[in-house]
Amino acid sequence: MAFFLCGVAKAQTSSRPVPKNVEHPEDPFAGDYRPPVVKELGTSAGQVRVIGLLGARLAAGTQPVGQGTVEFMTLPILGLRLSSTLALGSEDPSSLFFAIGPSLHFFPYRRLDVSMFAEVGPARFALDHGAAWSPMLSTGASLDLAISGYWFLRLEGHLAWAVYDGGGEAVTLFDPGGTLGIGFGI
Amino acid sequence: MSKTRVLVIGAGPAGLSAATRLLEKAPGQVEVTLMHMGHHLGGKASSYEDDEDYTVEHGWHMMLGFYRKMRGLMGRAGIDLDKTLVSMKGNAHPFEPWSGKIHTLNWKRSTLSFMGHWLAYSGLPLGDRLNFGRFMAQTFIEADRGGDLTRHDDLCFRTWAIERGLKPHITRYSLFRNFREAYFNVPESISAYHMLKSMKLMSTPKRSEMFVVRGGFSEHVWGPIGAYFEKLGGTIVPFSLATDWVYEGRRITGVRIGRPDSSGHDEGMSAWKQKHLPIKDGSDSVHTNFDSVISTIPVAVLAQMNREDARMWASPYFSRLSELRSGVTLSMTVHTKQPWMKYPGPVFGLPAPMGIAVNMTPYWNEYKGQNIRSAIHFMGQEGGFEDWSDEQIIAFTLDNFSGVGALGSIRDAGIRYLEFHRNRSAFEQLMLCEPGVQKFRPGVRTPFLNLYVAGDWVRNEVDLICMEGAISSGAQAADTLLEDMAA
Ligand SMILES: Cc1cc2nc3c(=O)[nH]c(=O)nc-3n(C[C@H](O)[C@H](O)[C@H](O)COP(=O)(O)OP(=O)(O)OC[C@H]3O[C@@H](n4cnc5c(N)ncnc54)[C@H](O)[C@@H]3O)c2cc1C
């Protein structure tokens, strides 16, 4: 009895005929199999945007700078920026700047987007008598032009402000600058 | 002291789990009868070997690495897990219509090695791969961080994903579509909660490893568990179809049962044709020999019991149950004379209605030496194809393969045997995990003080529509009943 109850009784099965040349309606899901096309542009929530920029700062003449920015979009309009800027010219007083801060995007999901940001972080100042670290604040605006679903061009302008120890006396720095670069948003 | 008589209705994973748990935890205190309408144990998860040793499947079943409760039950029943379960070695093969190819994903080793593998994965263009990879990493973290994931239940997973920056076009890849397909939820949407819970449970390669059994689940898994239950002192009563509850006040006093009329069942064909099974004339009676009942009857069947009782179905508890919808699954087994589709893991993303195919030749090794070079099992759901005949669905599926990757026509491989199941009967249907469904799923207690419910559709610790969920729910029902007995 248990043998049977436990389901080991052998059932008889037979193959059903293999249907051929059967007429049938249209595949209701045919549209689902068309190759997907990337149409989405601009910022969206959850996106991570990695941007490399080159440009100039104007505090001590025109000094070339390189900048790397990672932007995490928490909402389609609100990002968290992490950037680091490296002075490529020896005259620039702030040689290295790490910053974190929010960005506000005005035109998410669009080919052309404008955003504003404010960042704060430590900056390293190269001085004659050695290097000094001091907090620096930077605010600015960016213009993004999406060139595909993933790639975009960025034009950025900013004004950085810091007060640092210039060998015993407080030095105030206003450092305007601009960069142009390319970004990839995933 | 007299024993408490417990009637467990249904011998699927939930019923077997509840019944054995009662006897394991309260030996000498309970007398357990397991009553079910069929003869094979395992319910929707049954598959068995026929007179020629071919495995008959109403729908392919695999176990995942996180099925701890199921493994535990199997182990206690004396099943040698190492001999019975075979790993698919982390392989899965998405077919992507955009490339026309079948690609390979392997998640066998570490999460880190999978990330490397993902970067080189050919199934998605690079940008999409990075976006999808970023989204999945974020999702696994969000799912794992804990908190009440049910707060995501009202959204469908697609919307949830897009809200988190997955590019909408990516949701059209097979890889994404499979989230719904794996739960037979096409063309419906799947709840974000259900997907997040799945990801939480499958968060490592070990927890998501797929295992199949060598041959039928009924012989290798459910049968031995049934025998274990009998060894513990339980009684199994087959061919008893419960049709109605008999109650007085808030207690169930009887269950109306009859012998199912199997004349509508056609082997090798569409399984049962009727949505609700008839009972043989003159076979009905009222079973009263119990103190408490654990019902593991699927919700689509339960929702038809006591249908004339308008007052019962208007009550808040039962009217909520009516909101739960179930879907019809399809399955087909094809044996070929020539080898065909030699992929070691499931191939998915194939055109609907049967979008998943698995080559079971290496696993169902009872077939060795039987002149079968490939045993392919197909699965899917009827949604969108309700008006098509069986022949149309079968022919369409077979023909579709000519356009898939480099497989070539399955017809040319010489079809030796073909079996098709259209699981239309209510007891075969699977609950749809649609957005917003959680608030309608009940817990194990019911308004009847001596009636408990269990099954994959009842809320439980695992909560997914799968064997592990059903086993978890069965165990929870048994524990609750024992708690109430002790109180
Ligand atoms: C095609 C398909 C593929 C699947 N693949 C997987 C997979 O790969 N992995 C996985 O984990 N899960 C899978 N599942 C899900 C899994 O099968 C179910 O979640 C599981 O079987 C649910 O168990 P249960 O005990 O809750 O219900 P069931 O398995 O439905 O068991 C219910 C029991 O109640 C009995 N019954 C029904 N009505 C009555 C009645 N009126 N009177 C008396 N008895 C009755 C039935 O005969 C049965 O014994 C799949 C399901 C399907 C349909």
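Counting only DSSP beta bridges with both residues in chain B, tell me the antiparallel percent, nearest 5.
Values: 51 of 69 bridges.
Among the beta bridges of chain B, antiparallel pairing accounts for roughly 75 percent.
Taking a ≥ b ≥ c as the square roots of the eigenvalues of the Cα gyration tensor of region B:37-120, is the shape rounded (a/c under 1.5), prolate (a/b larger than b/c) or oblate?
Numbers: a/c = 2.91, a/b = 1.58, b/c = 1.84.
Oblate is the answer for region B:37-120, as a/c is 1.5 or above yet b/c matches or exceeds a/b.
Whole-Hz Karplus ³J(HN,Hα) for region B:453-459, in order, using 6.51 cos²θ - 1.76 cosθ + 1.60 and θ = phi - 60°, x for Gly and Pro?
10, 8, x, 4, 8, 8, 4
In nm, to one decimal, how far is the modelled label at B:LYS337 from the one at A:LEU82, with both set 7 Å along Cα→Cβ?
The answer from the label model is 6.3 nm.
Measuring from the lowest to the highest alpha carbon on each principal axis, how far does region B:91-157 reach, largest first, in angstroms?
Largest first, region B:91-157 extends 39, 27, 22 Å along its Cα principal axes.
What is the interface area between chains B and A, defined as buried accessible area summed over both chains with a 1.4 Å probe, reported in Å² to the nearest 100? Mind dumping the intermediate values first?
Numbers: alone 19930 and 11770 Å², together 27290 Å².
Its buried surface, counting both partners, is about 4400 Å².
Keeping the other protein chains in place, figure out the carbon and sulfur percent of the accessible area of the protein assembly as shown, with a 1.4 Å probe. Mind dumping the intermediate values first?
Details: 15650 of 27290 Å².
Answer for the protein assembly as shown: carbon and sulfur cover 57 percent of the accessible area.
Let me know the Kirkwood hydrodynamic radius for region A:23-125, please, with Cα pairs as the basis and the value in Å to one decimal. Spell out each step's value before the answer.
On the way: mean 1/r = 0.0610 Å⁻¹.
Final number for the Kirkwood radius of region A:23-125 is 16.4 Å.
Using the alpha-carbon atoms, what tilt in degrees (0 to 90, nearest 10) does helix B:467-486 show relative to the longest principal axis of chain B?
Result, in degrees: 20.
Can you give the percent of C-alpha pairs in the protein assembly as shown whose distance is more than 42 Å? Let's see the in-between values first.
Details: 85315 of 226128 pairs.
The proportion of pairs with Cα distances above 42 Å equals 38 percent.
In the structure shown, do any of B:LYS44/B:LYS231; B:LYS167/B:LYS275; B:LYS69/B:LYS167; B:LYS89/B:LYS231 have a Cα-Cα gap over 30 Å, and if so which?
Working: B:LYS44/B:LYS231 24 Å; B:LYS167/B:LYS275 41 Å; B:LYS69/B:LYS167 37 Å; B:LYS89/B:LYS231 35 Å.
In this structure, B:LYS167/B:LYS275; B:LYS69/B:LYS167; B:LYS89/B:LYS231 exceed 30 Å between Cα atoms.
For region A:48-185, calculate the relative contact order in percent as a whole number, restricting contacts to Cα pairs under 8 Å that are 6 or more residues apart.
22
Specify whether the C-alpha gyration tensor of region B:418-487 places it in the rounded, prolate or oblate class, a ≥ b ≥ c being the square roots of the eigenvalues: rounded for a/c under 1.5, otherwise prolate if a/b is larger than b/c and oblate if not.
Working: a/c = 2.25, a/b = 1.89, b/c = 1.19.
Judged from the Cα gyration tensor, region B:418-487 comes out prolate (a/c at least 1.5, a/b above b/c).
May I ask you to give the solvent-accessible area per residue for region A:48-185, in square angstrom, as obtained with a 1.4 angstrom probe? Please list the in-between numbers first.
Numbers: 6510 Å² over 138 residues.
Ligands and nucleic acids excluded, the result is 47 Å² per residue.
Remind me, relative contact order of region B:105-207 in percent, using alpha carbon pairs under 8 angstrom and six or more residues apart?
Numbers: 87 pairs, mean separation 37.4, N = 103.
Over region B:105-207, the number comes to 36 percent.
Any idea what log10 I(q)/I(0) is at q = 0.10, 0.21, 0.24 Å⁻¹ for region B:329-423, Debye with uniform C-alpha scatterers and no solvent?
With one equal scatterer per Cα and no solvent, log10 I(q)/I(0) is -0.24, -1.05, -1.35.
Quick one: if the Förster radius is 30 Å, what FRET efficiency do A:MET116 and B:ASP148 give, using the C-beta to C-beta distance and rounding to 0.05? Present the calculation step by step, with values, prior to reporting the outcome.
Working: r = 36 Å, r/R0 = 1.20.
Once rounded, the FRET efficiency stands at 0.25.
Using every alpha carbon pair in region B:105-207, what percent of pairs falls into each 5 Å bin from 0 up to the bin containing the largest distance?
Reading upward from the zero bin: 2, 12, 22, 26, 22, 12, 3, 0.
Placing unit charges on C-beta atoms (Lys and Arg positive, Asp and Glu negative, everything else neutral), compute the dipole magnitude of the protein assembly as shown about its Cα centre in debye, rounded to 20.
Dipole magnitude for the protein assembly as shown comes out near 640 debye.
In nm², what is the average projected area of the convex hull enclosing the Cα atoms of region A:100-186? Walk me through the intermediate numbers first.
Numbers: hull surface 25.4 nm².
The Cα convex hull of region A:100-186, projected and averaged over all directions, gives 6.3 nm².
With charges set only on the Cβ (+1 for Lys and Arg, -1 for Asp and Glu), what does the dipole of region B:329-423 come to about its Cα centre, in debye to the nearest 20?
Values: 7 positive and 9 negative charges, 119 e Å.
Value, rounded to 20: 580 debye.
Calculate the all-directions average of the projected area of chain B's alpha-carbon convex hull, and give it in nm².
Values: hull surface 91.8 nm².
It is 23.0 nm².
In percent, what relative contact order does region B:329-423 have, based on Cα pairs under 8 Å that are 6 or more apart in sequence?
Details: 172 pairs, mean separation 41.0, N = 95.
It rounds to 43 percent for region B:329-423.
Given A:THR43, A:VAL18, A:LEU96, which one lies farthest toward the positive end of the charge dipole of chain A, if we put +1 on the Cβ of every Lys and Arg and -1 on the Cβ of every Asp and Glu?
Going by the charge dipole, the pick is A:VAL18.
Counting only the heavy atoms of the protein chains, how much of A:HIS105 is accessible to a 1.4 Å probe, in Å² to the nearest 10?
The accessible area of A:HIS105 comes to roughly 0 Å².
Please report, to one decimal in angstroms, the Kirkwood hydrodynamic radius of chain A built from all distinct Cα-Cα pairs.
Answer for chain A: a Kirkwood hydrodynamic radius of 20.2 Å.
The values are calculated or read from the model by the stated rules, or taken from the named source; none is laboratory data. Everything numeric here is computed off the predicted structure, so don't read it as measured data. Counting neighbours? That spans all protein chains shown, and the Cβs are built from the backbone with ideal geometry, glycine included. Remember, those area values only see protein heavy atoms, side chains included, never the ligands or the DNA or RNA. Shrake-Rupley method; radii C 1.70, N 1.55, O 1.52, S 1.80 Å.
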